[in-house]
Each structure stands twice: as C-alpha cells, then as structure tokens.
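Comments concern the structure below.
The values are calculated or read from the model by the stated rules, or taken from the named source; none is laboratory data. None of these values were measured; they are calculated from a predicted model. Here the Cβ positions follow ideal geometry from the backbone for every residue, glycine too, while neighbour counts run over all protein chains shown. Protein only, heavy atoms only, side chains kept; ligands, DNA and RNA dropped before computing areas. Shrake-Rupley method; radii C 1.70, N 1.55, O 1.52, S 1.80 Å.
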Amino acid sequence: MCNPPSPRLHRSPITAPRFMSVSSKTVDPKFKELFRLIDWPEPPSTVTHYNLSTSPGHCDYHLLNARDTYRIGETLEVLITARDHHGRPKEYGGDYFRAKLHCPALKAGVTGHVEDHGNGSYMATFLLPWSGRAEVQIRLIHSSEAVAVLKKKRENHPEKASFLGYFLFNGSSEVTECNLELPGRDVCKYRDPASGNTWQCLRPRNLSCDSWVYHAGGELHKVTDQLEDALLSDPVTDQIISGKVSPIKVISENSSLKLTSKLSACRPGQEPTQPSGFYYGDNWRSLTCIARHFPRPSDALACLKGKDIHMSGDSTLRQWFEYLESFIPSLKMIDLHGFKTGPLLAVDANAGLAIRWRFHGLPIRSRKTLVSNIHYESIELAGIGGGPDTVVLVNLWAHFTTFPVRVYLERLKQIHQAIQSLLFRSPQTTVIIKSANTGRKTVHASDWLSLQLDTLMRAAFKGMAVTFLDAWDMTSCHYLPDSTHPRPPVIRNEVDLMLSYICPQ
C-alpha cells in the first residue's frame, strides 16, 4: 500500500488563533496603529429605513469659482451634496464617492481626491494635467449605510466565503469545507511549518487529515437581510450622479506650468503623488517619476535581459506575467502543469531571462489546485538570494476582502519582515509592490473593502526602499469599466510603468 501524499501544511496540535476580534493581541503594536488609517464615518444608529440612505438620483454637485478657461497645473474644485431618497440633504458623511476628470475623445483621464466634510457635503479636487476639453464625473460607489453593512459583514461573517478541501487516498475520495477557522466543528488543523500560517478543513469521515491533496474555492454565502440587500443593490451602487458642471476648457501657457519638468528617474522609495499620474492618448503619464513606454517587444526584452523575476500574488499580478509572455516572442513557457493557479515559468535562455509567477498562500478562491503548489509569499521571499539582476513583485488583497482586517494585517507583517530581510542581505534587489485595483461592488468583494486593504498596504511599506506601483489610480480613471481583471490597455500601461522602475534609463 502506498503512503498518502503529504500536503505542504502539516497537522499541528496547536489551536489556530481566532480571527474574529480586531483587537487581537497577536497583532504587532506598530501594525495596530494602522487601524486608525481606515477609520470610516458610520451613519447614526437611528437610520433604519432605505429611504433615509443616500440616493444617487438625488445627489448633485457644482463647480466652485467657475471660469471660462483654466490652465494646465491648476486645480478644479467641485462640491458634492449627498441627499436621501426624499431629496433631503444628508447631515452626516461616510458615503463612498469616486471622482475623475476625463475626455473620451482624447482617451484622457485623471482621478480626483474626495474629502468628506462629515456633514453630507464632499469636496472633489482635480489636477488639470492636459490641454483641451475635460469633463467631471462623480460616481456614488456606496452610500454610507451600505458601507456600514460592508464593514459589519467583513468583521463578523468571515464564513461568507467558503473553500473546499479534496481528500484522496488509495482510490477513495472526500470533499469537505475549509476556511481559516471553522469554530465548534470537528476539523483537521494544518500549520505551515515555515511561516506558521494555519488552515482548517472539516475532518473527512473515512480518510485521514494527511490525505488532503487539493484546494479550491467554494461557494459565496448570503449573509445579508432584505434591507441590506436593498442598500447594496444595483440601482444605488456604482451610479453616476448628475451635476451642474459643463465640460471645461484647459489651455497650456509657457513651460513654467509643465507638470513633468522636475520629475526624476523612477527609483525605489518614491511615494506616489496624488494623483500618481494621468492618461492621455491612452498612455499613462506618471507624475511621480519619468516613466518610459516600451512599445516594441525588443524594447521590453532589452530591459529585462539577464533578469531573474519572481512574482508572488494573485491573478491581477498573473496578468503581468501573461502580458510579458505574450508580448515577447522569444519568451517560452515551461510547462509545470500549474495551469492558471501556477506555478508558471517563462524563460528566454539566450537573454538569460526567467520570469516566475506563483499564487500567494491561502486563502485563495481558485479552481482546483494541488496543496503542495501553494506556497506562502513570505517563504518564497525567504528563498530568494537577491541582487542587482533580481526583481521581486508582490501583491496581496483580492482574496482577503471577505475576512476581518486583522487577518490581512498579520499577513502584511510577515511580508514586511521578509522584504526587510531580503533588502538587508541584498539591498540592490528591485522590489515592487502592486497595489489593489478597482473591480467588484458586492458584499464579498467591493471597491470599498479593497480600498481599505490598499490603504493598509501602502502604509505598511511606507519608508522602505521598495516601489509601490499605483494600479488603483490607473484603473479608477481609465475609460474602460472597472474590472477585477483590467483589460489589455490598462495592463500594458501597468507593465510599462513596472519596466520603468526596472530600467529607469
């Protein structure tokens, strides 16, 4: 009789830590301070009726200090007034508005910064980065009442997303439910021996815990009532609101107002500006550093020649791998039988180039994948020697939106420590952190949930000699609709910006 396959996560007699409480003592004090960065105003507890919530059909906005013409580099201010379904102005804040200035004809766009005044009014501020026509667009992503639902469900209902464990041995098989924790049930407990991360699956009836071979995403469970469903419904979610702002005319005068004249080459440690850039002619123009474009495969290959590239993250980072593998003809895939869940490897032996992508560790909502192929990102980082020809790319967010914030912070701490160690032993290593991007608008995966995690990620790595690539800005002001997996024009610009940090000259 053969021995059962041994999963990467091994049984452990210890009890997995509970993740229900945000104030868990297992969180490092430094990381606990990050919680204040994601404080969000909550509606009064007396608001219990749908008609008292913010209505996108009744909100409006108007331009302050309107003029006939504006100049490049100036700022535009728009005052937003939130109203309920009766048309009455709101008296408290907490609505999640997104703002952009755009010109479809020019394929131009830039994000606006929205400030909550806490009294039902909001100020959207826009930089004017191009000459020509520009139009304001304000969208109500979620009302303050819907945000309160998202926050409550995030912290109190981590079971809203389930996972599956496939147990196989000697011709027998069973499938059970899995998660970070399954309280009060008979479970198999797994603990990664290197990272210490834990996972649980319901104990199979006839097979041992050691026969866990495959992992997959399970179902998304309903955790909302009728009122909460209404607050998160399509008619009041991600809706463009009407305003009294006609398209404006922006003119260019002299070189003194050129926004990019004082930019330096792209390098680690640069904090993205606000906004971090803008689109013009469907090309991203960074306002943080002198970004380059790589229109031909030979341009990208010349940049990456001799590079050893390690990607650890989710499918939005895998899109970068897929773009490069498709864009550079000489890159050849090595079949590691990882399919979409990885691991993936592409090489150009003549150029001395290797590019790898691997999914980050659990939790992941994916198709069926071997447990032995799931490696935690901090352990992957620990195994990289580093050096001037080594590039490390990391991202982590989309698969954590269903869990309490503490779970995400604990993983950020692990990655932070691993990158710190990597840069200590190999300070010339290029490390790039890809931010979250816009996408879905549901209780399981909302832009508001992603924004909260993205805020924490930016703060956690602030001050380190790493590059933070602002995919949030690049997806929130593009003319294409929001998508968890952005379309090719966005991916092209993201990869070009990444290459600008690898090859600044």
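Just to be sure before I move on: is Thr467 hydroxyl-bearing (Ser, Thr, Tyr) and farther than 28 Å from Leu231 by Cα in the structure I sent?
yes
Tell me, which strands (runs of 3 or more DSSP E) wholly within segment 74-148 include 1 or more residues that are open to solvent by 40 Å² or more (accessible area, probe 1.4 Å)? Lay out the reasoning, then the answer.
Details: elements: 75-81, 96-103, 108-116, 121-127, 132-142.
Result: 75-81, 108-116, 121-127, 132-142.
Of the conditions (1) open to solvent by less than 40 Å² (accessible area, probe 1.4 Å); (2) of a type in the set (Lys, Arg); (3) under 30 Å from Tyr70 (Cβ atoms), Arg285 clears all except one; give me its number.
(1)
Pairs under 9 Å by beta carbon, first residue at positive phi in segment 235-248, partner outside any loop (DSSP other than H, G, I, E, B) and not polar (S, T, N, Q), six or more apart or different chains?
Asp238/Arg98; Asp238/Arg139; Asp238/Leu140; Asp238/Ile141; Asp238/His142; Asp238/Lys441; Asp238/Asp447
Filter segment 162-198 for residues that are under 27 Å from Lys222 (Cβ atoms) and either open to solvent by 30 Å² or more (accessible area, probe 1.4 Å) or without any contact (Cβ under 8 Å) to a residue 40 or more places away in the chain (or both) and give the result.
Leu164, Tyr166, Glu174, Val175, Thr176, Glu177, Leu182, Pro183, Gly184, Arg185, Asp186, Val187 - these are the residues of segment 162-198 that are under 27 Å from Lys222 (Cβ atoms) and either open to solvent by 30 Å² or more (accessible area, probe 1.4 Å) or without any contact (Cβ under 8 Å) to a residue 40 or more places away in the chain (or both).
So Asp335 passes all but one of these: (1) open to solvent by less than 30 Å² (accessible area, probe 1.4 Å); (2) more than 21 Å from the chain's Cα centre (by Cα). Which condition number does it fail?
Among (1) open to solvent by less than 30 Å² (accessible area, probe 1.4 Å); (2) more than 21 Å from the chain's Cα centre (by Cα), the lone unmet condition for Asp335 is (1).
Look at segment 415-438 and say how many of its residues are open to solvent by 10 Å² or more (accessible area, probe 1.4 Å) and touching a residue at least 24 places away in the same chain (Cβ under 8 Å).
Selection size over segment 415-438: 11.
Of all residues being in a helix (DSSP H, G or I) and either among the hydroxyl-bearing types (Ser, Thr, Tyr) or open to solvent by less than 30 Å² (accessible area, probe 1.4 Å) (or both) in segment 460-488, which is nearest to Gln137 (Cα to Cα)? Just the residue, please.
Step by step, filter segment 460-488, then rank; the result is Ser476.
Taking the criterion of being of a type in the set (Phe, Trp, Tyr), over 23 Å from Ile415 (Cα atoms) and in contact with a helix residue (DSSP H, G or I) (Cβ under 9 Å, 6 or more places away or on another chain), would at least one residue in segment 334-351 satisfy it?
The answer is no; no qualifying residue exists.
Please go through segment 396-418 and pick out each residue that is assigned to a helix (DSSP H, G or I) and under 24 Å from Ile491 (Cβ atoms). Don't jump to the end; show me each part of the working.
Taking segment 396-418 first, the residues assigned to a helix (DSSP H, G or I) are 398-400, 405-418.
Passing the criteria: Ala398, His399, Phe400, Ile415.
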